[in-house]
Amino acid sequence: MPWTKRLGERVLLYLPLIFMGTLALTTYWLVRTTPPIQGAAADAQTPTGPDYFLERFVMRAFDAQGQLRTEVAGDKATHYPDKKAIVIDNIRLKSVDKAGNTTTASARKGTSDDAQTQVELQGQALVVREARVDAKGQQQERSEYRSEYLLAHLEKEILSSNQPVELLRGGRERFTADALRYDHGARTLQLDGRVRGTLVPRTPDAVSKPGKP
């Protein structure tokens, strides 16, 4: 099996989907915080500058049992109605699934359109999926994704970057490339440019030992 295919299956199988889902929730909440524009004149002409700000904010979403599911924080959020976009400085995201597994993301700046179709992360973009036990009871190591630029197409479930990327797994496996495109629907991972990778051999499991009758 090609090592790039192994990388897609072992490192980024669910990470982009969780990441994009968290970003979709982020933009949904922040757009909903937009204060209503007063007056008929405002309806006739869109303001050319920002219409509202949020500073040093934290937003949290909980499930019906009161357990934290998503947390979004930033130093400042600015909404631009003319550009139909919201910009978050020092964005920090956290997503917790039903099993308590955590995925986090951060960047110096996050930009999303009001339609929630795409999100850009710029400057020290980092996505981390903490170690966990999967549905089959197998231990999954900590995974990291690093780049200076990341573009998430939320509707198409495509994650891409036209800048150098670095993928880490368990502190032992490392992959680098000049660009990346991940299509969650097609389950394909494409690494372009100068691609380098280090894979660490796995120790055979104890399943090879004879079982009890």
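Taken together, the values in this text are just the output of simple stated rules run on the coordinates, not laboratory data. If you're wondering where the values come from, they're calculated on a predicted model, not measured in any experiment. Cβ sites come from the backbone with ideal geometry, for glycine too, and all protein chains shown count toward neighbours.
Each Cα pair of the range 75-191 feeds into the Kirkwood radius, which the Stokes-Einstein equation turns, at 20 °C and 1.002 mPa s, into a diffusion coefficient of 139 µm²/s. In terms of surrounding Cβ atoms within a 10 Å radius of their Cβ, Val58, Val128, Val165 rank from fewest to most as Val58, Val128, Val165.
Sorting Lys136, Lys156 from the fewest to the most surrounding beta carbons within 10 angstrom yields Lys136, Lys156. Taking the Cα centre of the range 52-188 as origin and assigning +1 to Lys and Arg Cβ atoms and -1 to Asp and Glu Cβ atoms, the resulting dipole is close to 360 debye. Taking the charge dipole of the range 118-169 about its Cα centre, with +1 at Lys and Arg Cβ atoms and -1 at Asp and Glu Cβ atoms, the residue from Gln124, Val165, Gln140 reaching farthest to the positive side is Gln140. Separation of the range 62-85 and the range 96-170, taken as the distance between their Cα centroids, equals 16 angstrom.
What the Cβ-Cβ distance of Arg181 and Asp97 gives, at R0 = 35 Å and to the nearest 0.05, is a FRET efficiency of 0.90.
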